[in-house]
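Remarks on the structure that follows.
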Amino acid sequence: MRLQRQGGKPEALIASLREKAIFLPREHTEEAFPDEDDIVFFEIALSGRSRMDAYLVTGNLKHYPVRSYVATPRQMLEIIEGDPD
């Protein structure tokens, strides 16, 4: 599943994302975060973990608790490439 940039229009990209997105509720956590704005992303990843093999991909690992499902973009590519599906 690859997103196509359609004519360079942001609206087309957003529409494509909406078609492929999985909408999940937040799963509350008591974890402490250096930046409270980051909590929502972690809580969505938690919700996804309870339903499927979900990951939180970030360039700021230090903003999140150390978990196997919190990964950098490079780590995520390695996970994907190692997956036979």
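Observations
- Residues satisfying the stated conditions in the stretch 33-68, i.e. in contact with an Asp or Glu (Cβ under 8 Å, 6 or more places away or on another chain) and of a type in the set (F, W, Y): F42, Y64
- Filtering the stretch 58-85 to residues that are under 24 Å from D37 (Cβ atoms) and in a loop (DSSP other than H, G, I, E, B) leaves T58, G59, N60, Y64, P65, V66, R67, S68, Y69, T72.
- Matching residues, the stretch 20-48, being without any contact (Cβ under 8 Å) to a residue 12 or more places away in the chain and under 16 Å from the mean Cα position of the chain (by Cα): A21, F23, D37, I39
- Matching residues, the stretch 48-57, being in a helix (DSSP H, G or I) and either touching a helix residue (DSSP H, G or I) at 6+ places or on another chain (Cβ under 6 Å) or farther than 21 Å from I80 by Cβ (or both): none
- Condition check for E31: under 16 Å from N60 (Cβ atoms), surrounded by 11 or more Cβ atoms within 10 Å (Cβ to Cβ), among the charged types (D, E, K, R) and modelled with pLDDT of 85 or more: yes
The values are calculated or read from the model by the stated rules, or taken from the named source; none is laboratory data. Model, not experiment: these values are computed from the prediction. FYI the Cβ positions are ideal-geometry reconstructions off the backbone, even for glycines, and counts take in every protein chain you see.
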